[in-house]
Amino acid sequence: MTAVDAVVRPQRSSRRRAGRIGIRDGRFALLYLSPALIVFGVFTIGPALFVLYISLFDWNLLNSSLSTFTGLHNYRALGSSADFWHSIVASVYFVGCVVAGSTVFGLGIALLLSSRGLVRRVVRLAVLTPYFTPLVATSIVWVWIFNPQYGLLDSLLRMLHLPMVGWLQSTTWAMPAVIFYTLWHDLGFTVIIFLAGLATVSTDLREAARVDGARYRHEIRDVVLPQLTQTIVFVIVITTIDSLQAFTQIYTMTQGGPLQATTTTGFLLYQESFVFFHTGFGAAIAVVLFAVIALFTLLQLRVSRSRSQ
Amino acid sequence: MPAGAGAALWRKRSRRFRSGLLALLIGILFAFPFYWVIVTSFSSTNRVYQFPPDFLPGTEAHNYSRAWAGATWVRFFLNTLFIAGATVALVLVTSLLAGFALGVTRFKGRELVLFAVLSILMIPKVVLLIPDYVVLSKLHWLDTYWAQIVPWGASVFGIFLLRQFFNALPQELVEAAELDGASQMQFLRTIAMPLARPALVTIGLYIFIASWNSFLWPFIMTSSPHVQPIEVGLSTFFGTNGTDWTGLSAAVVFTTLPVMIVFMFAQRRLVEGASATTGATKG
């Protein structure tokens, strides 16, 4: 205890006696927390439980008093729904490619851009920009680029005397086109995360490896990558969670088509609930998505915990 | 060995040059769609449909006036500004109060509340669409501004960032304020808030851009153009003018320009904020 404390103490206790509340006093903490907790409770935590309840009903979205309890019927319907299984396949395709692409290209671009210099600074800005610009607007630009008659990509194919593929109107090429767009839009975020991760990699070790005559790719493989494991896991999990929920670009570019080729499970959820008004069925899809995403989040927590210990 | 060193230097330089060239190509790939939409928006319809395509912008400004007249853009802009502004204000207030409670005050169950707040990140937004639609309809908030503001009025990212800020605040500062007889609200207003400005600005920017860019939520929860934000308006415009590529491109340009400008001015702060999210979820 210092002299200052000794002087301060009596004064403080006299304040307390006068009914003054110290700044660190926790008696009003819940009051301060309540605005945020009310918003979360009513619009996030409550609804997350409510969706479980809805999934047990033949729910009427327009008049919920007309809903009838059907138990696990929606889940059984889900299991035997060809649309649902088709959407799972589409989701695995979409999520798998987006996650792999984000991780590999994100890390590659971050490595390219991690050194100083004007060119790299400008390029970094170019890579980041799509991530902060709206999905609807930029999707429209890409719909135009992918236009099967006058679009830029088909013009290029024509100039090279290659067959035109029709992109968004082709059951084969629509999904790759949407994946390509998604990578273009979202890679900026992954690059930021990898750049932040690279900044923590020990430069001493990298230099030591270089002095020892290690080739660049060995330096990356043996020195940089092992130190980035946690960042890589984080990127994989966060892009999985995000791409499982992708909606806007699919809606704008393909509306889930052609022939459901781009109807992922997240898109099916929207269609079933808000286009066909199969709300209970949609809620069951939501619960399945929720479970999958929760699993991935827990996995990430697990990995980052075990790493930091 | 000077010769060996020279070769090594040369190899290093050439590698740096090659990677710089690759970086440049990647930059062009990422920036090109923005260039292309500007080119299209200034082209005449005939020019757009010609083969091979023309890569230089035309001088046709008419597309802009046609697209501008095609929808109630001013209303969409004002709606977006209002919704984004109100959401930012609400998030800043809720985050500041909650961040203060979790970062400064001492009470039983503090860690538990923090853990509960962080675990909200686990709840995916797409899962909330159906139940929140029901909640909002019970509140009679469907198709209103309320539905677009209040549900987004608290942010885990905001609370976490401010808790970190309060946690790092020197204890002497709190003690000095106590000595001066400041109440909790006085401390928050006159001492903490000015110091927290960088964090508040980052949070504000993120929430602003997110609500400017939001689509799915207002698309589901609203149906009247007089309360809808810009991206929903643009999507409707796309639905009705889907083949007018020059007009559409003009609409894309003028609806995206405001958020682009915000991004250009604030990019460094936004990058720092994104890097901070890594910490937020890494725990």
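Scanning the range B:81-122 for residues that are buried (at least 20 other Cβ atoms within 10 Å of the Cβ) and assigned to a loop (DSSP other than H, G, I, E, B) yields a total of 2.
When A:Leu205 is tested against (1) open to solvent by 10 Å² or more (accessible area, probe 1.4 Å); (2) within 11 Å of chain B (Cβ to nearest Cβ); (3) not in a loop (DSSP other than H, G, I, E, B), just one condition goes unmet, and that condition is (2). Residues of the range A:160-186 that are within 12 Å of chain B (Cβ to nearest Cβ) and at pLDDT below 85: A:Met164 alone. For the criterion of being assigned to a helix (DSSP H, G or I), closer than 30 Å to A:Leu156 by Cβ and touching a residue at least 40 places away in the same chain (Cβ under 8 Å), B:Arg18 fails.
Please indicate, with yes or no, whether at least one residue in the range A:68-77 is under 28 Å from A:Gln255 (Cα atoms) and open to solvent by less than 40 Å² (accessible area, probe 1.4 Å). Yes: the range A:68-77 contains one or more residues that are under 28 Å from A:Gln255 (Cα atoms) and open to solvent by less than 40 Å² (accessible area, probe 1.4 Å).
Against the conditions (1) outside any helix (DSSP H, G or I); (2) in contact with a helix residue (DSSP H, G or I) (Cβ under 6 Å, 6 or more places away or on another chain), A:Gly213 satisfies every one except (2).
The residues in the range B:198-207 that are open to solvent by 50 Å² or more (accessible area, probe 1.4 Å) and farther than 14 Å from B:Glu272 by Cβ can be counted, and the count is 0. When B:Trp212, B:Trp245 are screened for being at the interface with chain A (Cβ under 9 Å from one of its Cβ atoms), within 30 Å of A:Thr279 (Cα to Cα) and surrounded by 21 or more Cβ atoms within 10 Å (Cβ to Cβ), only B:Trp212 passes. Of all residues in the range A:57-104, exactly one satisfies the criterion of being within 14 Å of chain B (Cβ to nearest Cβ), of a type in the set (Gly, Ala, Ser) and outside any helix (DSSP H, G or I), namely A:Ser67. Looking across the range A:108-130, the residues that are surrounded by fewer than 17 Cβ atoms within 10 Å (Cβ to Cβ) and over 12 Å from A:Phe194 (Cβ atoms) come down to A:Ser115, A:Arg116, A:Gly117, A:Leu118, A:Val119, A:Arg121, A:Val122.
Applying the selection to the range A:180-202, what residues are part of a loop (DSSP other than H, G, I, E, B) and either surrounded by 13 or more Cβ atoms within 10 Å (Cβ to Cβ) or among the basic types (Lys, Arg) (or both)? Listed by number, the list holds a single entry, A:Val201.
The single condition among (1) assigned to a helix (DSSP H, G or I); (2) open to solvent by 10 Å² or more (accessible area, probe 1.4 Å) that B:His226 does not meet is (1). Hey, does the range B:1-17 have a residue that's open to solvent by less than 80 Å² (accessible area, probe 1.4 Å) and either under 30 Å from A:Asp186 (Cα atoms) or touching a Ser or Thr at 6+ places or on another chain (Cβ under 9 Å) (or both)? No, the range B:1-17 has no match at all.
Being on the phi > 0 side of the Ramachandran plot, in the same structural domain as B:Ala251 (by TED's automatic domain parsing) and in contact (Cβ under 8 Å) with a residue 24 or more places away in the chain is the requirement here; does B:Asp143 meet it? Spelling it out, B:Asp143 is indeed on the phi > 0 side of the Ramachandran plot, in the same structural domain as B:Ala251 (by TED's automatic domain parsing) and in contact (Cβ under 8 Å) with a residue 24 or more places away in the chain. For B:Val252, the conditions (1) open to solvent by 20 Å² or more (accessible area, probe 1.4 Å); (2) part of a helix (DSSP H, G or I); (3) at pLDDT 90 or above are fulfilled apart from (1). Selection of the range A:140-159 for residues being part of a helix (DSSP H, G or I), more than 9 Å from chain B (Cβ to nearest Cβ) and buried (at least 17 other Cβ atoms within 10 Å of the Cβ) yields A:Leu153, A:Asp154.
The values are calculated or read from the model by the stated rules, or taken from the named source; none is laboratory data. No experiment lies behind these values; they were computed from the predicted model shown. Note: ideal-geometry Cβ built from the backbone for every residue, glycine included; neighbour counts use all protein chains shown. The area values use the complete protein model at the heavy-atom level, side chains included, leaving out ligands, DNA and RNA. Shrake-Rupley method; radii C 1.70, N 1.55, O 1.52, S 1.80 Å.
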